[in-house]
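Working notes for the structure below.
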Amino acid sequence: MKTAIIGGGAAGFFLAVNLKEMCPEMAVTIFERGKRVLTKVEVSGGGRCNCTNTFQEVRDLQTVYPRGHRLMKRLMKGFSQDDAFRWFESHGVRLTVQDDQCVFPLSQDSHTIINCLTGEARRHGVEVRTETKIATLNELESYDFIAVTTGGSPQLQGLQWLADLGHEIEPPVPSLFTLRIDDEALQALMGTVVNNVIAMIPGTKMRAEGPLLITHWGMSGPAILKLSSYGARYLAEHNYQSAIAVNWTNRRDAEVMSELQQIVSHQRQKLLHTVAPCGLPSRLWTYLLKKCLGERSNGRWGDVNGKELNRLANLLSGGDIYQTAGRAPFKDEFVTCGGVSLQAIDPSTLESRHVPHLYFAGEVLDIDGITGGFNFQAAWTTAYTVAQSIALTNERNC
Ligand SMILES: Cc1cc2nc3c(=O)[nH]c(=O)nc-3n(C[C@H](O)[C@H](O)[C@H](O)COP(=O)(O)OP(=O)(O)OC[C@H]3O[C@@H](n4cnc5c(N)ncnc54)[C@H](O)[C@@H]3O)c2cc1C
C-alpha cells in the first residue's frame, strides 16, 4: 500500500513519521513544492519554535481556536498537547515550559524539531520529493491514500483544485496581524508596552486581553494579535478599517474613578502628568491626558473638576477609540483563517466526504489558533488523526 502526502510542512512530516510507526510496510512519499521542507517550522517562534502549549491556562478551547475549537476538542481526546509533549521527548527532543505555558525545545532552536522530524522520516524510509508541486489528484493515481497537508493558502485560488473535487471552502483571510493606526502622537510612543490591556472591537463581542505594544506603525503585541485572530473575518470584511477601543487599565470605569479620586484627595498640588494612575507608563499617561484635557492637562490634580475626572476615567477604562488604517507588515506569527471547510470532512477520521481515501491535516483545514503554540498543536493533532485513520483503513483492507 502507498500513501502520498502533499506538503512537506509540520503536518506532512508528523503524519508521515506516525504513519510509518503504525504501518511500517506502508510506502510513504512526501511531495513538497519548495526546495526545502519545514520552512515555517524553521522561522517559527522567532527561530525557537513554540511547538505546543500546556493548555493549563485555557478554560475554553474557543478562546485559543477561534475556528475549529469543537473539532480540536474531539480530536485532542485522541492526541492531546500531553501526547505531543511525550512524543517529542520520546523522539529525543528535550522540551521546556515557559512561565506563560508555551512549550519550546530546550535548545531554543527550531532546528531541533526539524532534525527530529526529518531524521525520523529518513530512519523510516519516507521518500521526500522536493520541488514537486501537486496540482491535481490525477498525478497520484497509483497511490492508495492521499493526505493534503498544504498549509494555509492566503488566496482562494490556491484552494480551487480542492473546491473542484467538491469540497466546501471557507474563503481564506489572514489572521494574527498587527494594526496600522495613523496617529502620529500615538506612534511617537513606539516601544511603550502596557502589560494588561483589553483591546476590543466596539459594537461586537470581540475582545482580547494581554500586553499591548505601541509601534511606529500603530499597535502590536499579544492583545492585538489575539484580537486580529478573533476578528479576522470581521476585519477583512471591513477592509481592515475599523474602530478599536483600548481599555488601558483592564479595570472598570468605577475602579479607575476611585483611583483618580484618591490622587485628587492626596496629591492635589502635584502636576497631572507627574502622577500616572493605574500603573500606566508615564509617556502614555501624558499622551492620554493631553488627548482628554487638551491645554488643561498642564494643570494640577487639585484643579480637575468632576466632569474632567469622569472623562479621564472613561478614557482609561475602554473609551479610548482608534481608527485602524489597515493591517501592518507582520513581524511575528501569521496564519490563515479559512480553508477546507470542516463540513467537507468526516470529523472522526478527517477523510474527505467527497473523495474516498483523501484526507486533510494542518492549516489547510479551517482550523486556526492564536499565538502560543496552538497552531502547531493543531498540526500535530490533525496529522496524528489522519495517520491513525489511514493505518486503520489499511488494516481493515488487508
Ligand atoms: C513566521 C511564523 C511564525 C510562526 N510561529 C509559530 C509558533 O511559534 N507556534 C505555532 O504554533 N505556530 C506558529 N506559526 C504557525 C505554524 O507555522 C503553522 O500553523 C504550521 O506551520 C502549519 O503547518 P502545516 O504543515 O499545515 O503547513 P505548512 O507548515 O505551511 O506546510 C505546508 C507545506 O506544503 C507545501 N505545499 C503547499 N502546496 C503544495 C502543493 N500543491 N504541492 C506540494 N507542496 C505544497 C508548502 O510549500 C509547505 O512546505 C508560525 C507561522 C509563521 C508564518
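List of remarks:
- A straight chain from Arg296 to Gln269 at 0.36 nm per residue would run longer than the Cα-Cα distance by 8.3 nm.
- Share antiparallel - DSSP beta bridges, the chain, percent rounded to 5: 65 percent
- The Cβ shell under 14 Å around Arg33 holds other residues with a net charge of +2, Lys and Arg each +1, Asp and Glu each -1.
- Helices of the chain meeting both criteria, an alpha-carbon length of 24 angstrom or more along the long axis and an average Kyte-Doolittle score not below -0.5, with helices taken as full DSSP H segments, are 374-397.
- Excluding same-chain neighbours fewer than eight residues apart, the lysines reachable from Lys291 by a Cα-Cα span under 19 Å are Lys307.
- Ordering of 121-134, 190-203 by packing [mean C-beta count within 10 Å, highest first]: 190-203, 121-134
- Look at the Cα gyration tensor of the stretch 97-159: its axes a ≥ b ≥ c give a/c of at least 1.5 with a/b at or below b/c, and that counts as oblate.
- Between Asn115 and Met22, the FRET efficiency from the beta-carbon distance, with R0 = 22 Å, is close to 0.50.
- Tensor-based shape of the stretch 332-398 (alpha-carbon gyration tensor, a/c under 1.5 rounded, otherwise prolate or oblate): oblate
- Multiplying the residue separation of Leu156 and Ala254 by 0.36 nm and subtracting their alpha-carbon distance yields 30.6 nm.
- With coordinates expressed along the principal axes, the C-alpha atoms belonging to the chain extend over 85, 42, 34 Å, beginning with the largest.
- Under 20 Å from Lys205, Cα to Cα: aspartates and glutamates that are on another chain or at least 8 residues apart: Asp60, Glu237, Asp253, Asp320, Asp368
- With R₀ fixed at 35 Å, the C-beta to C-beta distance from Ser142 to Gln98 puts the FRET efficiency at about 0.15.
- Over all Cα atoms in the stretch 244-350, the spread is summed up by Rg and Dmax: 21.0, 69 Å.
- Lysines whose Cα lies under 25 Å from that of Lys20, excluding same-chain neighbours fewer than 8 positions away: Lys2, Lys35, Lys40, Lys77, Lys133
- In the chain, the DSSP-assigned H stretches of four residues or longer account for a calculated mean residue ellipticity at 222 nm of -10500 deg cm²/dmol, using -39500 (n - 2.57) per stretch and the full residue count as denominator.
- Cα gyration tensor category, rounded, prolate or oblate, for the stretch 247-286 with a/c compared to 1.5: oblate
- J(HN,Hα) series, the stretch 153-165, from Karplus relation 6.51 cos²θ - 1.76 cosθ + 1.60, nearest Hz, glycine and proline x: 10, x, 10, 4, 3, x, 9, 4, 5, 7, 5, 4, 8
- Computed FRET value (nearest 0.05) for Lys73 with Ser341, which takes r as the C-beta separation and R₀ as 22 Å: 0.80
Here, each number is a calculation from the coordinates, and none is a lab measurement. From a predicted model like this one, the values you see are computed outputs, not experimental measurements. Using ideal geometry, Cβ is built from the backbone for each residue, glycine included, and neighbour counts are taken over all protein chains shown.
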